[in-house]
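*Asks:* Structure incoming, see below.
The values are calculated or read from the model by the stated rules, or taken from the named source; none is laboratory data. A quick note: this is a predicted structure, and the numbers were derived from the prediction, not measured. Here Cβ is always computed from backbone atoms with ideal geometry, including for glycine, and neighbour counts include all displayed protein chains. Note: areas computed on protein heavy atoms with side chains; ligands, DNA, RNA excluded. Shrake-Rupley method; radii C 1.70, N 1.55, O 1.52, S 1.80 Å.
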Amino acid sequence: MIVQEHKIRTTLRSKLNEIVNIISIEPVDDRMGLFQGDLGRLLFLFHYAEATQSLKHSNLAMSRIEQHIENIDLEKNSFTYCSGLTGLCWLIEYLEQKQWLDADTNEMLDPMDKYLSEVMMQSVENDNYDLLHGSLGTALYFTTRASKSTRAATYVENYFAALKKKAIHDDDGTCRWFYTDTQTGEKKINETNLGLSHGIPGIVCFLAKTFELGIQQEEACSMIKNTTRFILKNQLDIERSSSFFPHLAVNRFPNARLAWCYGDLGIACSLRQVALRTKDQELNLFVKRILLNAASIRDPQLTLVRDAGLCHGAAGAAHIFRRFFDFTGEVKLKDAADFWYEQLLNFDLYPDGYAGYKTYVPSKNKSEPVMTSSLDLIEGISGIGLALLYAVFNQDPTWEKAFLIS
């Protein structure tokens, strides 16, 4: 077993080297996005530089981030966390707090914060609570600055008030928000999204951070409990399903995928943050049950893991299981992490893909899915690289805060 683990770690290190070499020589991506675009590549390069003490990669990442800062265009760039200004501002604040960027972020970001707060409030007024493509991502960015910027704290409080106003309270006292499809703009009044990337679990994380910041604590605590109760009441019959939770709280499709974006892994990340901040030991034990069950699911027809990426691939599963092993000491979670690290290596199938990897993209018009090469953070090799940094160097993965994993 020790020999096998050493072999896997050596192979992971080799794959990490391959990834950093590719990202270092690829041209600057004009897409100024954190999850989709050049900024995710820079997040990886900064962390790689720290792990390996590489001045070369640190200088490369710094020159690129400075270039993006110089090219900020409020009219041209979208506002979103995934692919716009919110992601850039999050990264600037993150780098400053890591002491990798020497800047007065209050002076640098306050003008953009004002703009982003206005767009955020317009978005929440239109019932767009999406983490990646809507108001929630911007609100969560403001939580990272609220302790140092009174304006950012005010923006957090304003968003909290808007959420409270828009909340739907069911007869049993639970609290939810309906789902707006960010691709079509359709407001699905009878649907509630249970994915961390687009739905209620992300809102719960914002509420937990608001509580931690001491903003409207009594009301925040009440909303946290009632929203968490809504998630919990949508549990599936675990005797008949491979997952504890469905994708949506309507129709309640069983056997949700094993992923960060949708399914038990993302929900477990969200509920753990609630448990820690509210000191709810019972909920913490339930989170462990969710993860132990998820660790036993390996059938590809149930996991729906079809590529190596962070969002819904092997790297995301491996990283989350490894993190929860660190949190709990449960050996079964380490075994699951090791399994998914092996699967990550097995997805190296495409000679024409970056480092041998391609991203699975379902196709509505073709019988076969489309496999695409990606350098991006959320689905491409930048995200895979960050997961490998943790596996190989045991580097503190503070980057995962961007994904609400911790």
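*Asks:* By average Cβ neighbour count within 10 Å, what is the ranking of 235-247, 376-388 from highest down?
*Replies:* Working: 235-247: 17.5, 376-388: 29.5.
Highest-to-lowest ranking by the protection proxy: 376-388, 235-247.
*Asks:* Could you check which residue among Y341, Y390, Y357 shows the biggest mean-square fluctuation in a GNM of the chain with a 10 Å Cα cutoff?
*Replies:* Y390
*Asks:* Using +1 at the C-beta of Lys and Arg and -1 at the C-beta of Asp and Glu, which of G137, A208, A161 has the Cα lying farthest in the positive direction of the dipole of the chain?
*Replies:* A208
*Asks:* Moving to a separate point now. Given a 1.4 Å probe and heavy atoms of the protein chains only, how would you sort M121, M32, largest accessible area at the top?
*Replies:* Working: M121 65, M32 15 Å².
Ranked list, largest accessible area first: M121, M32.
*Asks:* If we sort 43-50, 306-313 on the protection proxy, mean other Cβ atoms within 10 Å, highest first, what's the order? It would help to have the intermediate numbers written out before the result.
*Replies:* Values: 43-50: 23.8, 306-313: 27.0.
Result, highest mean first: 306-313, 43-50.
*Asks:* About its Cα centre, how strong a charge dipole does the chain have in debye, to the nearest 20, once Lys and Arg get +1 and Asp and Glu get -1 at the Cβ? Display every interim value, and only then the final one.
*Replies:* Working: 42 positive and 51 negative charges, 202 e Å.
With Lys and Arg at +1 and Asp and Glu at -1, about 980 debye.
*Asks:* So, one more: In terms of Cα to Cα distance under 23 Å, which lysines are near enough to K165, apart from those fewer than 8 places away along the same chain?
*Replies:* Reachable lysines: K114, K187, K188, K209, K225, K233.
*Asks:* Residues of the chain: accessible area per residue at 1.4 Å, in Å²?
*Replies:* Values: 17340 Å² over 406 residues.
Accessible area per residue: 43 Å².
*Asks:* Out of S363, S14, S54, any idea which swings most in a Gaussian network model of the chain, alpha carbons joined below 10 Å?
*Replies:* Sorting by GNM fluctuation, first place goes to S363.
*Asks:* Using only the heavy atoms of the protein chains and a 1.4 Å probe, how would R145, R13 rank by accessible area, largest first? Intermediate values should be presented prior to the final figure.
*Replies:* Numbers: R145 0, R13 95 Å².
These residues rank, largest area first, as R13, R145.
*Asks:* Same structure, new question: Please list, in chain and number order, the residues 5+ apart from T180 or on another chain whose amide H is under 5 Å from its amide H, with Hs placed from the backbone.
*Replies:* Long-range HN contacts for T180: Y129, K188.
*Asks:* Defining a contact as two alpha carbons under 8 Å apart and six or more residues distant in sequence, what relative contact order in percent does the chain show? Don't jump to the answer; show the numbers that get you there.
*Replies:* Working: 676 pairs, mean separation 59.1, N = 406.
Computed over the chain, the figure is 15 percent.
*Asks:* Right, next: Got a number for carbon plus sulfur as a percent of region 201-349's accessible area, 1.4 Å probe? Let's see the in-between values first.
*Replies:* Details: 2820 of 5920 Å².
Heavy-atom surface of region 201-349 belonging to carbon and sulfur, 1.4 Å probe: 48 percent.
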